[in-house]
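Reading through the structure tokens given below for one structure.
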Amino acid sequence: MEKRENKLIQVYKSKKPYSDYILFGILLIILPILVDFGLIKYSYLTTIASILIFSIVALGLNLLVGYSGLISLGTAGFMGLGTYLAAYITKDLNLPFEISLLISVLVPMVIGILTGLVSLRIEGYYLAIATLAISEILRKGFVEFEVVTNGFSGKQASYPTLLGFLELGRNGSFIMIVVFLIGIMILTYNLINSYTGRALSTMRGSEAAAQAMGINIFKYRLLAFAVAVAYSALGGVLYMHFVKYTYPNAWTLTLSLNILAVIIIGGIRSIPGTILGAFVVFGVPDLILKRLPIIGDIDGAAYIFNGVLIIIIILFYPLGLIHIRNDLKKIKFKLRKRKESYSEQS
Amino acid sequence: MSIFIQILLNSLETGGVYALAALGIILIFRTSNTTNYAQGSISMFNAFIATYILMGTGLPAFAVAILGMLSAFLVGVLVDRIVIARAQNVNPVAKQIITLGLIMIFLGLAPMLFGTDPLQFPRFVYGAHTIMGANISYNAILNIIIGIVIMLFLFIMLQKSKWGLAVRATASNDIVARMMGIPTPLITMGSWAIAAALGTLAALMIAPTSSVNLSMMDGVQIIALLACVLGGFQTFYGPVVAAYIIGFASNFISFYISSIWSDSILYVLILITILFKPNGLFGKKIVKKV
Amino acid sequence: MNNHDFILKIEDLSIAFGGLKAVDSLSFEIKEKEIFGLIGPNGAGKTTVFNCITQFYKPDRGKVFFKNKDGQVEDLVGKRPHEIISKGLVRTFQNIELIRELSVIDNVLVGSHIEFKASLLSQLFRLPKARREERDLRKKAEEVLKYMGLYHIKDQLVAGQPYGILKKIELARTLMLNPKLIILDEPAAGLNDTETIELMEIVKEIRERLNTTILLVEHDMKFVNNLCDRICAISFGKLLAIGSPEEIQANEEVQIAYLGKGDE
């Protein structure tokens, strides 16, 4: 029995990090069941779903910022575009979810590639604010294209129907989000460990070296933007079919900054870091702070505490919370050493 | 002709508001090396404080505005002392996220202290005058003049005073500046304080039309950031001039082309401009050596 | 045009920055399998010549003929910087351009970027083609690292490696494609005497084993004299003399350019 267990652990270890991702996914899928048994509040599930959706979006941004060294404050706009397209295509045009998913990701991706063209001329703060302008143009579109977007009052959609007959409920949609997230984590891991990932890193580290080694900066910048925007739009589609409501003011600069915060807080260039960051930025207020006595009772207090938390994390872990692992190891090491020296003395 | 003059005067007023906010952002950028996304939230918060003083004391609006700017100055000092001064070793992107943390704090504090209802803030002066067929309120004239006077004063100070020299030295290289005996932490603190005061003035200028509410500065904040990009982050005057340009462009576009799409058209025009001038209208190109 | 014995021929190369002529009507040619040194006092325009050859700078005038992998002679001027490596020409940099966050072997693998052919989809899903390609080229990178004596640190990050090792990694990166011409920008700068001697041996060995040509810029005259078959001396972007190390050492103009007139 013990031997078989060891083998299982061996397989698990040999398939890392995929096995970690899949285990994480399985744990998440258990959640709706716990909700059905009344062990977890329903509202937790909604919060966790949005954390997972924002994780997908942030993974794209992490690829852009962490690997290719570009920056974007347009995330919210592209995510919003994804929601509106998904709502319009499934509700107004009555097309199947799968087609909607495809179009709602591809259209923003094309716009994202155009944004990438901007990045060929503009860098750093200029690029950040240029992408912010693009996001604001999109948001103005959400307000003014009333035929499609329904203006300020926003737009609704329903849970998705897969393959034309499989109507997903709340739990089904949640599971779908989990599946997408785990898939995206795996694909992202593959991408950053491929030659494309190395090319992006090289481009960020040294443009000169990249060019000398035959890396086409033009191509890889556009690629980085395309992937980041595709993830944003996918996040938008999933959001639309879970939250079932979208309106222009949901897609502002603050959301883009929040998603940037996810990767800075969690850990740049880290997939688990991104998930961790999403939990801190989007989860801590709803899951923890609002449940606490006093803080939870005062309007806005959870928000303030989250702001304070974000600042504290950046001051103490400027490279991301994921690096807390090393510190914990160090502490453990120190404790063990102390214990040993103590036992030696006695 | 009268319409043209009307638009021109309106543009000077809105341009001035944008310019005050942009000057605050560029001051902080040059001395702390971060784009302060919390500029709008800090201004909004202090506009609330000013309005509360007004409601509590019945002082005239201009006196309240001065008190509001003073409180903003204080908030700026506190923000710098408590947070920014400790973040010297934080990388630029993470520093921007710190300003997001600040947004959350002020956006959380404001409704807690002042409630969620929008508040009214009066004009500084009432009455209007007709110039060449264009109708302009005394308040607008006052705003235009206040904006220009304050900015001229700051620019003269930046060029001529000891403080200005210290700011410019810190902006060009803070390590060398510190070695030359310039108290850079004090200079940075001053920038945050002045920026907050400028932003609050901008907020109180738009308050009579927008009302004092949580999102009152959102639009101004974005335009101020765009002004920094359009004018270039390398000079102090660039963003200010760009802010006025944006003010004019926005008013002209909404009157002559489309009022619904004016912002979008404006943003597209700004994007196109910076594609041709990647370091802004007044920025110089920095050549990288291999 | 096929039967020339040169691998690189520069003709009348000129570039100016804001009126200042950095390279002025420079011409020279490098024969196949030669180790060719470019020397000159500080600010003579040596690195600028390299940047003009590799198209990081666009020369104002002149031609850069290169006999590429297929034996065809073509003018590199007007090509984009990232197209140069595929012709069989690869370079290092004065200030070591490695990626700190990547491991040693990953940095070396970047050197064979253009040999990777797997599609994006294939990479995303780690399809057999992408896997095979990655495995094969990784094996090659390991061989190169073994050859350079860096195999034991292959999985360490580049960040924090000592200077001499960084120089070696950068050199290893140029070897991934079996280039026809390797351009080294101050390879010995910052190395101590033992490291310099070791580097000299490595460069000679690379030429023999890879059957390649080497063009280098260097300040260390001992290094250049001991290593190069021929040397080209330039000053203020202009050609002073071309010849064997002995000839260059004996050349009066070169001495003046280096030491100034009438001193010592």
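Taking the stated definitions as given, is C:Asn95 surrounded by fewer than 15 Cβ atoms within 10 Å (Cβ to Cβ) and at the interface with chain A (Cβ under 10 Å from one of its Cβ atoms)? Steps first, please.
Working: surrounded by fewer than 15 Cβ atoms within 10 Å (Cβ to Cβ): yes; at the interface with chain A (Cβ under 10 Å from one of its Cβ atoms): yes.
Considered against the rule, which asks whether it is surrounded by fewer than 15 Cβ atoms within 10 Å (Cβ to Cβ) and at the interface with chain A (Cβ under 10 Å from one of its Cβ atoms), C:Asn95 comes out as yes.
Hey, A:Ala128 hits all of (1) in a helix (DSSP H, G or I); (2) farther than 22 Å from A:Asn249 by Cα; (3) within 11 Å of chain B (Cβ to nearest Cβ); (4) among the small types (Gly, Ala, Ser) but one; which does it fall short on?
That leaves (2) as the condition not met.
So, in the stretch A:279-301, of the ones that are away from every other protein chain (no Cβ under 14 Å) and not charged (D, E, K, R), which residue ends up surrounded by the fewest Cβ atoms within 10 Å (Cβ to Cβ)?
A:Pro293
Of all residues in the stretch B:79-91 being within 23 Å of the chain's Cα centre (by Cα) and surrounded by 14 or more Cβ atoms within 10 Å (Cβ to Cβ), which is farthest from B:Ile194 (Cα to Cα)?
Among residues in the stretch B:79-91 that are within 23 Å of the chain's Cα centre (by Cα) and surrounded by 14 or more Cβ atoms within 10 Å (Cβ to Cβ), the one farthest from B:Ile194 (Cα to Cα) is B:Ala87.
Yes/no matrix, rows are residues, columns are (1) surrounded by fewer than 23 Cβ atoms within 10 Å (Cβ to Cβ); (2) within 12 Å of the chain's Cα centre (by Cα); (3) within 13 Å of chain A (Cβ to nearest Cβ):
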residue	(1), (2), (3)
B:Met189	yes, no, no
B:Ala197	no, yes, no
B:Leu201	no, yes, no
B:Val212	no, no, no
B:Ala227	no, yes, yes
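With C:Leu210, C:Leu157, C:Leu175 as the choices, which residue is surrounded by 21 or more Cβ atoms within 10 Å (Cβ to Cβ) and farther than 25 Å from C:Val254 by Cα? Break it down stepwise before answering.
Numbers: C:Leu210 fails: surrounded by 21 or more Cβ atoms within 10 Å (Cβ to Cβ); C:Leu157 fails: surrounded by 21 or more Cβ atoms within 10 Å (Cβ to Cβ).
None of the other options fit; the residue is C:Leu175.
Do you know which residues across the stretch C:174-208 are touching a residue at least 60 places away in the same chain (Cβ under 8 Å) and in a helix (DSSP H, G or I)?
C:Thr174, C:Leu175, C:Val203, C:Lys204, C:Arg207
Which condition number in (1) surrounded by 23 or more Cβ atoms within 10 Å (Cβ to Cβ); (2) among the aliphatic types (A, V, I, L, M); (3) over 18 Å from B:Asp218 (Cα atoms); (4) free of Cβ contacts under 8 Å to residues at least 60 places away in the same chain is the one that B:Ile97 fails?
Among (1) surrounded by 23 or more Cβ atoms within 10 Å (Cβ to Cβ); (2) among the aliphatic types (A, V, I, L, M); (3) over 18 Å from B:Asp218 (Cα atoms); (4) free of Cβ contacts under 8 Å to residues at least 60 places away in the same chain, the lone unmet condition for B:Ile97 is (3).
Name the residue, out of A:Gly197, A:Gly141, A:Gly172, that is within 10 Å of another protein chain (Cβ to nearest Cβ), part of a helix (DSSP H, G or I), surrounded by fewer than 20 Cβ atoms within 10 Å (Cβ to Cβ) and small (Gly, Ala, Ser). Before you say what the answer is, go through the steps one by one.
Numbers: A:Gly197 fails: surrounded by fewer than 20 Cβ atoms within 10 Å (Cβ to Cβ); A:Gly172 fails: within 10 Å of another protein chain (Cβ to nearest Cβ).
Of A:Gly197, A:Gly141, A:Gly172, the one residue that is within 10 Å of another protein chain (Cβ to nearest Cβ), part of a helix (DSSP H, G or I), surrounded by fewer than 20 Cβ atoms within 10 Å (Cβ to Cβ) and small (Gly, Ala, Ser) is A:Gly141.
Tally the residues that are within 20 Å of B:Asn89 (Cβ to Cβ) and part of a helix (DSSP H, G or I), restricting the search to the stretch A:300-329. Give the derivation first.
To start, the set of residues in the stretch A:300-329 that are within 20 Å of B:Asn89 (Cβ to Cβ) comprises A:308-324, A:326-327.
Restricting the remaining residues to those that are part of a helix (DSSP H, G or I) gives A:308-316, A:321-324, A:326-327.
Final tally of qualifying residues: 15.
Out of all the residues in the stretch C:162-172, is one or more over 30 Å from C:Glu34 (Cβ atoms), within 12 Å of chain A (Cβ to nearest Cβ), out of contact with any Pro (no Cβ under 9 Å at 6 or more places or on another chain) and exposed (fewer than 15 other Cβ atoms within 10 Å of the Cβ)? Outline the logic, then answer.
As a first pass, look at the stretch C:162-172 and keep what is over 30 Å from C:Glu34 (Cβ atoms): C:162.
Still in the list and also within 12 Å of chain A (Cβ to nearest Cβ): none.
No, there is no match, as no residue in the stretch C:162-172 is over 30 Å from C:Glu34 (Cβ atoms), within 12 Å of chain A (Cβ to nearest Cβ), out of contact with any Pro (no Cβ under 9 Å at 6 or more places or on another chain) and exposed (fewer than 15 other Cβ atoms within 10 Å of the Cβ).
Condition check ((1) touching a residue at least 24 places away in the same chain (Cβ under 8 Å); (2) among the basic types (Lys, Arg)) across all residues:
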site	(1), (2)
A:Gly296	no, no
A:Phe305	no, no
A:Val308	no, no
A:Leu315	no, no
A:Leu319	yes, no
A:Ile322	yes, no
A:Lys334	no, yes
A:Arg338	no, yes
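Taking the residues in the stretch B:116-140 that are polar (S, T, N, Q) and free of Cβ contacts under 8 Å to residues at least 40 places away in the same chain as candidates, determine which candidate is farthest from the other protein chains (Cβ to nearest Cβ). Step through it out loud before you land on a result.
First, the residues of the stretch B:116-140 that are polar (S, T, N, Q): B:116, B:120, B:130, B:135, B:137, B:139.
Now narrow it down to the ones that are free of Cβ contacts under 8 Å to residues at least 40 places away in the same chain: B:130, B:137.
Values: B:Thr130: 34, B:Ser137: 28 Å.
Residue satisfying both the conditions and the ranking: B:Thr130.
Among the candidates A:Tyr67, A:Tyr18, single out the residue that is hydroxyl-bearing (Ser, Thr, Tyr), surrounded by fewer than 19 Cβ atoms within 10 Å (Cβ to Cβ), touching a helix residue (DSSP H, G or I) at 6+ places or on another chain (Cβ under 7 Å) and in contact (Cβ under 8 Å) with a residue 12 or more places away in the chain.
Checking each option against the conditions leaves just A:Tyr18.
Looking at the stretch A:225-238, is at least one residue closer than 24 Å to A:Ser135 by Cα and among the polar types (S, T, N, Q)?
Restricting attention to the stretch A:225-238, the residues satisfying the condition of being closer than 24 Å to A:Ser135 by Cα are A:225-238.
Still in the running and among the polar types (S, T, N, Q): A:232.
Checked against the condition, which is being closer than 24 Å to A:Ser135 by Cα and among the polar types (S, T, N, Q), the stretch A:225-238 yields at least one hit.
Could you tell me which residue of the stretch C:225-255 is nearest to the chain's Cα centre (by Cα), considering only residues that are small (Gly, Ala, Ser) and outside any helix (DSSP H, G or I)? Give the derivation first.
Quick first cut of the stretch C:225-255, residues small (Gly, Ala, Ser) only: C:233, C:235, C:237, C:241, C:243-244, C:250.
From what is left, the residues that are outside any helix (DSSP H, G or I) are C:233, C:235, C:237, C:241, C:243-244.
Values: C:Ala233: 17, C:Ser235: 20, C:Gly237: 19, C:Ala241: 21, C:Gly243: 20, C:Ser244: 20 Å.
It comes out as C:Ala233.
Can you tell me how many residues within the stretch C:118-158 are more than 25 Å from the chain's Cα centre (by Cα) and within 11 Å of chain A (Cβ to nearest Cβ)?
Of the residues in the stretch C:118-158, 14 are more than 25 Å from the chain's Cα centre (by Cα) and within 11 Å of chain A (Cβ to nearest Cβ).
Can you find, within the stretch A:145-166, the residue that is modelled with the highest pLDDT among those that are loosely packed, with under 15 Cβ neighbours inside 10 Å and within 14 Å of chain B (Cβ to nearest Cβ)?
Among them, the one singled out is A:Phe145.
For A:Val110, state whether it is more than 14 Å from chain B (Cβ to nearest Cβ) and either free of Cβ contacts under 8 Å to residues at least 40 places away in the same chain or within 20 Å of the chain's Cα centre (by Cα) (or both).
On the way: more than 14 Å from chain B (Cβ to nearest Cβ): yes; either free of Cβ contacts under 8 Å to residues at least 40 places away in the same chain or within 20 Å of the chain's Cα centre (by Cα) (or both): yes.
Spelling it out, A:Val110 is indeed more than 14 Å from chain B (Cβ to nearest Cβ) and either free of Cβ contacts under 8 Å to residues at least 40 places away in the same chain or within 20 Å of the chain's Cα centre (by Cα) (or both).
Each row is one residue, and each column tells you yes or no for (1) without any contact (Cβ under 8 Å) to a residue 24 or more places away in the chain; (2) surrounded by 15 or more Cβ atoms within 10 Å (Cβ to Cβ); (3) assigned to a loop (DSSP other than H, G, I, E, B); (4) hydrophobic (A, V, I, L, M, F, W, C).
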site: C:Leu8; (1), (2), (3), (4): no, yes, no, yes
site: C:Glu11; (1), (2), (3), (4): no, yes, no, no
site: C:Ser27; (1), (2), (3), (4): no, no, no, no
site: C:Phe36; (1), (2), (3), (4): no, yes, no, yes
site: C:Cys52; (1), (2), (3), (4): no, yes, no, yes
site: C:Phe56; (1), (2), (3), (4): no, yes, yes, yes
site: C:Pro59; (1), (2), (3), (4): no, yes, yes, no
site: C:Phe66; (1), (2), (3), (4): no, yes, no, yes
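Would you be able to say whether some residue in the stretch A:243-252 is crowded, with 24+ Cβ neighbours inside 10 Å and more than 18 Å from A:Leu187 (Cα to Cα)?
Taking the stretch A:243-252 as the starting set, the residues that turn out to be crowded, with 24+ Cβ neighbours inside 10 Å are A:246, A:251.
Filter once more, so that each one left must be more than 18 Å from A:Leu187 (Cα to Cα): A:246, A:251.
Yes.
(1) modelled with pLDDT under 85; (2) within 21 Å of the chain's Cα centre (by Cα): which one isn't true of A:Leu289, the others all being true?
Tallying (1) modelled with pLDDT under 85; (2) within 21 Å of the chain's Cα centre (by Cα), A:Leu289 fails exactly one: (2).
Within 22 Å of the chain's Cα centre (by Cα), farther than 20 Å from B:Ser43 by Cβ and either exposed (fewer than 13 other Cβ atoms within 10 Å of the Cβ) or of a type in the set (Asp, Glu) (or both), is that true of B:Leu158?
Criteria not met by B:Leu158.
Listed here are the residues, each with its yes/no results for (1) away from chain C (no Cβ under 14 Å); (2) under 26 Å from A:Val179 (Cα atoms).
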residue	(1), (2)
A:Ala212	no, no
A:Leu223	no, yes
A:Val237	yes, yes
A:Lys244	yes, yes
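So how many residues does the stretch A:310-330 have that are more than 12 Å from chain B (Cβ to nearest Cβ) and either within 19 Å of B:Met104 (Cα to Cα) or polar (S, T, N, Q) (or both)?
Of the residues in the stretch A:310-330, 1 are more than 12 Å from chain B (Cβ to nearest Cβ) and either within 19 Å of B:Met104 (Cα to Cα) or polar (S, T, N, Q) (or both).
Which numbered condition in (1) in contact (Cβ under 8 Å) with a residue 24 or more places away in the chain; (2) within 14 Å of another protein chain (Cβ to nearest Cβ); (3) crowded, with 21+ Cβ neighbours inside 10 Å is the only one that B:Leu113 fails?
Looking at each condition in turn, B:Leu113 falls short on (3).
Hand me the list of helices (runs of 4 or more DSSP H) wholly inside the stretch B:184-284 holding 2 or more residues that are hydroxyl-bearing (Ser, Thr, Tyr).
Values: elements: B:184-210, B:218-231, B:237-256, B:262-276.
Result: B:184-210, B:237-256, B:262-276.
The values are calculated or read from the model by the stated rules, or taken from the named source; none is laboratory data. What you see is a predicted model; the values in this text were computed from it and never measured. Heads up, the Cβs are rebuilt from the backbone with ideal geometry, glycines too, and the neighbour counts pull from every protein chain shown.
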